[in-house]
Amino acid sequence: MSGVGILFVCLGNICRSPTAEGVFAAKLTEHADLAARLRVDSAGTAAYHLGNPPDSRSTAIAARRGYDLSTLRARAVGREDFARFRYILAMDRQNLGNLKAIRPAGFDGHLGMFLDFAGMRGAEVPDPYYTSGDRGFEEVLDLVEAAADGLIGHLRRELLG
Ligand code: 4NP
């Protein structure tokens with residue numbers, strides 16, 4: 001498998017991590033040299049929504065900012081993903097804990113919080129699914145955009161030096 005794998009992980013893979021995948025992939029189109037070196041995907045720690053597109057609220061609010069999430073489909077993360085992805089980036093601490101619990105002993109990639117790349121060490125992308133109205137989905141996008149920019153900067157330095 002060629003390219004450095006980048007995997008975004010949340011709980012359901014229908015709100016936060018597909019938003020991260022869609023935003024990061026869209027931003028990468030401005031960085032063809034970096035994009036050629038990467039593979040991007042997202043997954044959820046729970047299997048509630050397998051095969052489903054993102055939540056309609058995520059899709060609609062992302063579309064307003066020019067991001068198309070409509071073709072993404074939910075899947076569950078598994079141990080095999082640690083062999084396929086070098087960066088595994090969690091949206092919240094629960095996601096990170098669940099990932100650490102299945103991390104194979106030999107994994108030598110980066111398993112951590114996505115918002116670390118926004119300069120927000122340890123911060124979480126709050127889950128908008130049950131508790132928030134449109135404002136929560138906007139907040140997800142704000143945080144994801146900032147971290148995606150930071151991750152692109154990090155990967156440019158790391159891979160293209
Ligand atoms: P996500 O949000 O983890 O950002 O995709 C959720 C989506 C669905 C559920 C929880 C969180 N759920 O419990 O169905």
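The values are calculated or read from the model by the stated rules, or taken from the named source; none is laboratory data. Here the structure is a predicted model, which means the values were calculated and not measured. Neighbour counts run over all protein chains shown; Cβ positions are idealised from the backbone, glycine included. For accessibility, only protein heavy atoms count, side chains too; no ligands or nucleic acids. Shrake-Rupley method; radii C 1.70, N 1.55, O 1.52, S 1.80 Å.
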Checklist entry - Out of the stretch 6-43, which residues are part of a helix (DSSP H, G or I), open to solvent by less than 10 Å² (accessible area, probe 1.4 Å) and without any contact (Cβ under 8 Å) to a residue 60 or more places away in the chain? => result P18
Checklist outcome for this item: the stretch 61-161: helices (runs of 4 or more DSSP H) wholly inside it with 3 or more residues that are touching a residue at least 40 places away in the same chain (Cβ under 8 Å) are 93-102, 134-155
Checklist outcome for this item: Subset of the stretch 117-153, residues open to solvent by less than 50 Å² (accessible area, probe 1.4 Å) and not hydrophobic (A, V, I, L, M, F, W, C), comes to G122, P128, S132, G133, G136, E138, E145, G150, G153
Next on the checklist: Can you tell me which of (1) touching a strand residue (DSSP E or B) at 6+ places or on another chain (Cβ under 9 Å); (2) over 17 Å from P18 (Cα atoms); (3) of a type in the set (S, T, Y) is the one S132 doesn't meet?
Outcome noted: (1)
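Being closer than 23 Å to E138 by Cα and of a type in the set (K, R) is true for just one of R16, R86, R79. Which residue is that?
Details: R86 fails: closer than 23 Å to E138 by Cα; R79 fails: closer than 23 Å to E138 by Cα.
One residue alone meets the criteria, R16.
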Checklist entry - Does the stretch 60-82 include one or more residues that are surrounded by 15 or more Cβ atoms within 10 Å (Cβ to Cβ), acidic (D, E) and at negative phi? => result yes
